[in-house]
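Please read the structure below before turning to the comments.
The values are calculated or read from the model by the stated rules, or taken from the named source; none is laboratory data. Everything quoted here is computed from the prediction, not taken from an experiment. When we count neighbours, we look across all protein chains shown, and the Cβ atoms used for this are built from the backbone with ideal geometry, even at glycine. Each accessible area value is taken on the protein alone, full model and side chains, heavy atoms only, with ligands, DNA and RNA left out. Shrake-Rupley method; radii C 1.70, N 1.55, O 1.52, S 1.80 Å.
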Amino acid sequence: MPRHNTGLGLTPKEIAEAFVDPKWAECFPPALSVDQAAAPLQVPKATLYGRSSRGLLKGCGRRMGKHLRLFRNRLLQHVFNQGLNDHE
């Protein structure tokens, strides 16, 4: 039976509030490497690379040469509101 993702409906304010603590803000700056982005989502780096290459993370990041950088707040809002799967 397929799962239906209803999303959490997180607002930009709720996401920003999660990083008010200086320790969290230092560990997870606004622009994240794939390693940094994978950690709070508890997914393999390959998942993020794969979703990005298939266009499933549009608006969440940008390639800089061979490196992928992800905007923390946009990524979290996307993942928690829309999910990471391509059949949502």
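Accessible area per residue of the chain at 1.4 Å probe, in Å²? It amounts to 70 Å² per residue over the chain. A cut-off of 5 Å between modelled amide H atoms, ignoring neighbours fewer than 5 places along the same chain, links Ala31 with Arg72. Within the accessible area of the chain, the carbon and sulfur atoms contribute 55%, probe 1.4 Å, all protein chains present. Taking a ≥ b ≥ c as the square roots of the eigenvalues of the Cα gyration tensor, an a/c ratio of 1.5 or more together with a/b no larger than b/c marks the chain as oblate.
Can you find, among Gly55, Ala25, Val43, the residue farthest towards the positive end of the dipole of the chain? Put +1 on the C-beta of Lys and Arg, -1 on that of Asp and Glu. In the chain, that residue is Gly55.
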